[in-house]
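Undergrad: Quick one: the structure is below, questions incoming.
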């Protein structure tokens, strides 16, 4: 199976793309549509907020608030 995966190639402008680029080319549209969902955006904001809580300053907290307002509107 690994040998058959290595032989999997997409062709771009007549040049074969390596396996990694082939996989990214196939997966990217799915990931981009997934990232546009509100649930994924909320997950990312929640993860950023958790990281911001671990710091000693408030600048990152304000940055997360700014991002949240930009994605979801005013609280």
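The values are calculated or read from the model by the stated rules, or taken from the named source; none is laboratory data. Just so we're clear, the structure is a prediction, and the values are computed from it rather than from any experiment. Neighbour counts are summed over all protein chains in view; Cβ atoms, including those assigned to glycine, are modelled from backbone coordinates with ideal geometry.
Undergrad: Return the residue satisfying two criteria in turn: it lies in region 64-73 and is on the phi < 0 side of the Ramachandran plot and free of Cβ contacts under 8 Å to residues at least 12 places away in the same chain, and of such residues it is surrounded by the most Cβ atoms within 10 Å (Cβ to Cβ).
TA: In this case the residue turns out to be 65.
Undergrad: Follow-up question, since we're still on this one. Do the conditions hold for residue 53, that is, is it modelled with pLDDT of 90 or more, surrounded by 12 or more Cβ atoms within 10 Å (Cβ to Cβ) and within 23 Å of the chain's Cα centre (by Cα)? Steps first, answer last, please.
TA: Working: modelled with pLDDT of 90 or more: yes; surrounded by 12 or more Cβ atoms within 10 Å (Cβ to Cβ): no; within 23 Å of the chain's Cα centre (by Cα): yes.
Considered against the rule, which asks whether it is modelled with pLDDT of 90 or more, surrounded by 12 or more Cβ atoms within 10 Å (Cβ to Cβ) and within 23 Å of the chain's Cα centre (by Cα), residue 53 comes out as no.
Undergrad: How about region 25-50: which of its residues are loosely packed, with under 10 Cβ neighbours inside 10 Å and in contact with a helix residue (DSSP H, G or I) (Cβ under 9 Å, 6 or more places away or on another chain)?
TA: Once the filter is applied, which keeps residues that are loosely packed, with under 10 Cβ neighbours inside 10 Å and in contact with a helix residue (DSSP H, G or I) (Cβ under 9 Å, 6 or more places away or on another chain), region 25-50 yields only 38.
Undergrad: Here is a list: 49, 28. Which entry is in a helix (DSSP H, G or I) and in contact (Cβ under 8 Å) with a residue 12 or more places away in the chain?
TA: Numbers: 28 fails: in contact (Cβ under 8 Å) with a residue 12 or more places away in the chain.
When all the criteria are applied, what remains is 49.
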